[in-house]
Structure formats: C-alpha cells, structure tokens
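Here's the structure we're looking at; comments come further down.
Taken together, the values in this text are just the output of simple stated rules run on the coordinates, not laboratory data. The model shown is predicted, which means the values in this text are computed figures rather than measured ones.
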C-alpha cells in the first residue's frame, strides 16, 4: 500500500473561529476551506485525499479532528455533530471507489484501470495515469509498473505445477483480479496435492492486488 502522507498535518488541526449563531453549513464551509486536504463523501463514508489516494476516514477519527479545531469550545456536542453532518452533505459525491470522480475528456473506462505504486495503468492503451484525485483510488500496491519486467521464476514454477493451458487461464484470472471489473464474478478454485503451489499462487495474487484490496474470509461448516 502507498505510504501514508502526513506532511499535510503540519500546522493542522488549527483553531477555527466558529460562530455558534451561524448555521452549521457556514461552519462546515469554514472548516473545509482551511483543511489542507480535500474530503468527499460517498455512500455515507468520508474519504480524505492523501498523495492522490482516497483514504477512508473513521467516524471517530474525523470527529476528533473537527473537535481539535474547536479548542475554544464555541460549538457544543450537538452543534459539532451538525457540522460533521453538514460536511457529509456539502462534500457528497455520486462516485464510488474505482470510478472517476472528475472524469477527464479522454478518460479510459474505469474498469480498465489497474493501480500500481507509480500510477494507474490503462490496461488497453498501457498509458500510465497519475494519482491526482480524479480517479477514486482507495489504495495501491507497493510495486511500480514496469513494462519490461520479466518473471522467469514465476513462469518456471507454473510450468512445474500446471499444464500450459492451465497456466494461461490462471494468469488471465490474475489480470482480471487486478482490475476493478466484477462483471464476470467467477471463482478460482485451486485444487491439488499438498505442496503443489496453491498457497504460493494465493500469496502472489494478494501481492499483485495489494493489501488494501484483499479480504480474507473463513467459511464455516453449517
């Protein structure tokens, strides 16, 4: 995952001259105008932009941040909650993760975008787009895109573990899993003898997708 940027925290939170007599929308606008990093609200969740990546803001974390700007205690708890609600309303955005927030005129289809450490790759044109906040990226892997990279050890192990046609299918699934496209919704079942490479394949897939895009679930017997 991309290293979290904390440089914007320097000098922030700062005291803000709230006015309890104003509406909370006025106070929310004061807060948003002075906050160094942009915020958007999507599906009731707040995200903050850090180095081009939209990091989800925990409710308690954001409430504490807002309260830190209210050091003079101008706003009581009810008014503070009203300010937070006003931020949600003012920063509402219809976009969801892995969609365009501000779509460029020549934007590729968002389902073709693959996150790398050094940018967003358009899988069809192989153009690398910067992380600039226009695309709703919520994380990226640690490695960079290198069009000239070779994988001799990986190819050798696949040849050892699988039939050549199976290896091609596996790598096709890997490419699909690296994109935000979920239109196929297929399941990859790894069935084989112990020490046959199944765990290694899963580890490689997790590394390719990045920790922020991985969920490990346990299915219990009924």
For segment 110-213, the spread of Cα positions along each principal axis, largest first, Å: 46, 30, 24
Nearest 10 degrees, 0 to 90: helix 77-90 Cα axis against the chain principal axis: 50
[x] 1.01; [y] 1.08; [z] 1.29, with the label sought being that of the calculated Cα Rg over 2.2 N^0.38 Å: [z]
Gain on full stretching of the segment that runs from residue 32 to residue 100 - 0.36 nm per residue minus C-alpha separation: 22.3 nm
Average Cα contact separation per residue, the chain, under 8 Å, 6 or more apart, as relative contact order %: 20
Gained length - residue 149 relative to residue 208, 0.36 nm times residue gap less alpha-carbon distance: 19.9 nm
With Cα atoms, 0 to 90° folded angle of helix 198-209 axis to the chain main axis: 40
Most mobile listed residue (137, 20, 123) in the chain, GNM with C-alpha springs under 10 Å: 20
Rounded Å value of the spacing that divides the Cα centres of segment 91-112 and segment 8-70: 23
Theoretical ellipticity at 222 nm over the chain - DSSP helices of four or more residues, -39500 (n - 2.57) apiece, nearest 500: -10000 deg cm²/dmol
GNM flexibility winner over the chain from 47, 131, 143 (Cα, springs under 10 Å): 143
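Could you calculate the contour length gain from residue 193 to residue 64, that is, 0.36 nm times the residue separation minus the distance between their Cα atoms, to one decimal place in nm?
Details: separation 129, 0.36 × 129 = 46.44 nm, distance 5.17 nm.
In short, 41.3 nm is gained.
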